[in-house]
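What follows is a single structure, and I will ask about it in a moment.
The values are calculated or read from the model by the stated rules, or taken from the named source; none is laboratory data. Fair warning: this is a prediction, and the values are worked out from it, not measured in the lab. A quick note on method: Cβ atoms are made from the backbone with ideal geometry, for glycine too, and the neighbour counts reach across all protein chains shown.
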Amino acid sequence: MIKREHWGTRLGLILAVAGNAIGLGNFLRFPVQAADNGGGAFMIPYMISLLILGIPLLWIEWALGRYGSKIGHGTAPAIFDSLWKSKVAKYIGILGVIIPLVVVVYYTYIESWTLLYSFFSLIGKLPHTPLDGNVQDYLKPFENFLVNVIGANNNSSLFYSVPWYTYLFFVITFLLNLYILFRGISAGIEKVARIAMPLIFIMAIILMIRVFTLSSPDGRNVLDGLGFLWNPDFSALINPNVWLAASGQVFFTLSVGFGAILTYASYLKPKDDIALNGIAGASVNEFAEVILGASIG
């Protein structure tokens, strides 16, 4: 059996697992789901789903990964095939490879947009609009900028004419990700997570403070926004779609069933506490989602 690499520190592991989960679902999807499904009342089905579905399933994935570490494998097909002596086991496990692959395809592209946006911001090429008029007019230049970047301005919904610099930033982003993976667990993913995750929280807190001090073009302030998001509508709790939305958000934000956590857990040391690590990773993610994401969104 091939000797597998291990995570260097518990902190690095927790930050890496949290980094796997924290993303668009925290800062964009959660505020929309809460606002559309009862506001503050949405937290009731959300927390129930987190406790009876999210955390237990998270622990199951951690346990499967720990088992994979013992047999020298870190992929769902190999682990499923070892656990379940059936011809179909490894084919079911292939979903644990296909789903992360699909996510990587579109997330890498979004990463490249973010890198391009940051570069344009540094060189002063982003649009600037005065804080007057209505919200739509204020956001329109930024919308046009994004449309131009992704090449969606050629009146075609199927074939986009993407600018060359967008492809360039995609290649740069792809190569950066490839280099991090090539470096391995402790020298690659963990090392980046120990730097990147604190930076994400610092930037999110700065952005949250900035949001709290802003006013909108139509005169509304942060209290109006928080009221819109958090004022509870308890009548929504009798709607099964609200409970379904809460469960879906929990699955999405924790990356449960994607296959990534299982692979991360396969690099655990023999005496690592999977229950503690699972709770710690989920707690960091929930802080980013409920506190920071809801405040910024």
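So, of the residues in region 26-70 that are in contact (Cβ under 8 Å) with a residue 24 or more places away in the chain and of a type in the set (Phe, Trp, Tyr), which turns out to be nearest to Ile205 (Cα to Cα)?
Phe27
Next up: Six or more apart or on different chains, Cβ atoms under 9 Å: show the pairs whose first residue is in region 202-231 and more than 19 Å from Gly40 (Cβ to Cβ) and surrounded by 11 or more Cβ atoms within 10 Å (Cβ to Cβ) and whose second is at pLDDT 70 or above and charged (D, E, K, R).
Final answer for the pair search is Ser216/Asp224; Pro217/Asp137.
So Asp137 clears everything in (1) part of a helix (DSSP H, G or I); (2) at pLDDT 80 or above; (3) out of contact with any Gly (no Cβ under 7 Å at 6 or more places or on another chain) except one condition, right? Which one?
(2)
Can you spot a residue in region 42-64 that is buried (at least 16 other Cβ atoms within 10 Å of the Cβ) and touching an Asp or Glu at 6+ places or on another chain (Cβ under 7 Å)?
Within region 42-64, none of the residues are buried (at least 16 other Cβ atoms within 10 Å of the Cβ) and touching an Asp or Glu at 6+ places or on another chain (Cβ under 7 Å).
When the residues of region 78-100 are filtered to those that are farther than 12 Å from Tyr67 by Cβ, surrounded by fewer than 17 Cβ atoms within 10 Å (Cβ to Cβ) and of a type in the set (A, V, I, L, M), which remaining residue is farthest from the chain's Cα centre (by Cα)?
Applying the filter and picking the extreme gives Val88.
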